[in-house]
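Report on the following structure.
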Amino acid sequence: MQPAALQTVELPPATPPQGMSLSALPTGSMTSRAAFAYRGGRFGDEREFAMTAVLVRHPRGDLLFDTGFGRHLEQHLALQPALMRATANFSKGTPAADQLAAHGFDTGRLAGVVLTHAHWDHVSGLDSLPGVPVWVNAAERDFIAGGGDMTSVARSLDRLEFKLYRFTDRPYLGFAQSLDVWGDGSVVLVPAAGHTPGSMIAFITLPSGARYALLGDLVWQAEGIDLPAERPWISRALADVDASAVRENIARVAAIHRRFPQIRMLPAHDARAMGSLPVFPTAAQ
Ligand SMILES: [Zn+2]
């Protein structure tokens, strides 16, 4: 479906149950520059990149979307390309697992950690969540297994229990495929390949009617959707496996943003967007 066809698409129905909620778990940050984040961004425009996990509680199972930084950030950082280490400053916060435990949340009861994609800064905290299934699609599992630098941290975490999910051929907001995780429209995953082969976007709808799109790294800052604008060439070359697929998915999401501005777009690293979410244990409902 082309983005233009969205004009005739209605907001997908959802019946999120009472007890469902969404919370942010900020785990650290990185400073970089708008010039590296989106085409047209200025070099002098310093940006904080959020490293934030998102907890979506649901009576049928609580899911953590990505982990952000974990307890072994230094070791994980050492596995990254020198150029990346040289061009960014990292600051370490409290790992998601520790934030959950501090408030009496038994991480063993998480139904899964759902990865928007398997880059190091999204999986670093998995080492503190032993036994929690890691939800990936086949494309991302193969990307991890493929041996590339970009997934060295995911491979270094042994004993990960992958839970493979599959998309169905049911379209969702202009995406050809989707997976309605709990069957009530409250958590819907769509494939958004390009940044990595199995990159995924999660659409969340809460009982209040509030809607969110966890965009992962489709774009790094909100301007990527608002303008819209892809990453500049250096960042595309370093970070994306298929820049033209990223471009197509940005166009798709930008069309959703225009047609349904009530869906809050959450690029994983946009500190303004992620910083607007309630921090665990507070939650949006
Ligand atoms: Zn990434």
* **Residues (assigned to a strand (DSSP E or B) and over 11 Å from Asp270 (Cα atoms)) located in region 215-229** => none
* **Residue identified as in a loop (DSSP other than H, G, I, E, B), more than 17 Å from the chain's Cα centre (by Cα) and either closer than 22 Å to Ser29 by Cβ or β-branched (Val, Ile, Thr) (or both) among Gln80, Gln99** => Gln80
* Structure fact -> Restricting region 90-124 to residues that are within 16 Å of the ligand (Cβ to nearest atom) and among the aromatic types (Phe, Trp, Tyr), the one most open to solvent (accessible area, probe 1.4 Å) turns out to be Phe90
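Tally time: how many residues in region 135-156 are open to solvent by less than 50 Å² (accessible area, probe 1.4 Å), among the aliphatic types (A, V, I, L, M) and within 16 Å of the ligand (Cβ to nearest atom)? Spell out the reasoning first.
Filtering region 135-156 down to residues open to solvent by less than 50 Å² (accessible area, probe 1.4 Å) leaves 135-140, 143-144, 147-148, 151-154.
Filter once more, so that each one left must be among the aliphatic types (A, V, I, L, M): 136, 138-139, 144, 153-154.
Now restrict to residues that are within 16 Å of the ligand (Cβ to nearest atom): 136, 139, 144, 153-154.
So the count comes out to 5.
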* Give the residues of region 223-254 that are in contact (Cβ under 8 Å) with a residue 40 or more places away in the chain, farther than 10 Å from Gly194 by Cα and either buried (at least 20 other Cβ atoms within 10 Å of the Cβ) or among the charged types (D, E, K, R) (or both), sorted by residue number. => Glu223, Gly224, Ile225, Glu230, Arg231, Arg252, Val253
* Asked: Any residue in region 258-268 that is buried (at least 20 other Cβ atoms within 10 Å of the Cβ), under 23 Å from Arg42 (Cα atoms) and away from the ligand (no atom under 16 Å from the Cβ)?
  -> yes
* Asked: Of the residues that make up region 70-88, is at least one exposed (fewer than 13 other Cβ atoms within 10 Å of the Cβ), under 30 Å from Gln262 (Cβ atoms) and charged (D, E, K, R)?
  -> no
* Candidate set from region 206-221 (those that are open to solvent by less than 10 Å² (accessible area, probe 1.4 Å) and over 16 Å from Asp66 (Cα atoms)); member that is farthest from the ligand (Cβ to nearest atom) -> Leu206
* Does Tyr165 satisfy the condition of being open to solvent by 10 Å² or more (accessible area, probe 1.4 Å), of a type outside the set (Gly, Ala, Ser) and under 17 Å from the mean Cα position of the chain (by Cα)? -> yes
* Please verify whether region 190-202 includes one or more residues that are buried (at least 21 other Cβ atoms within 10 Å of the Cβ), closer than 14 Å to Pro12 by Cα and away from the ligand (no atom under 16 Å from the Cβ). => yes
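The values are calculated or read from the model by the stated rules, or taken from the named source; none is laboratory data. The shown structure was predicted, so the numbers you read here are calculated from the model rather than taken from an experiment. When we count neighbours, we look across all protein chains shown, and the Cβ atoms used for this are built from the backbone with ideal geometry, even at glycine. Please note that ligands, DNA and RNA were not included when accessible areas were found on the heavy atoms of the full protein model with its side chains. Shrake-Rupley method; radii C 1.70, N 1.55, O 1.52, S 1.80 Å.
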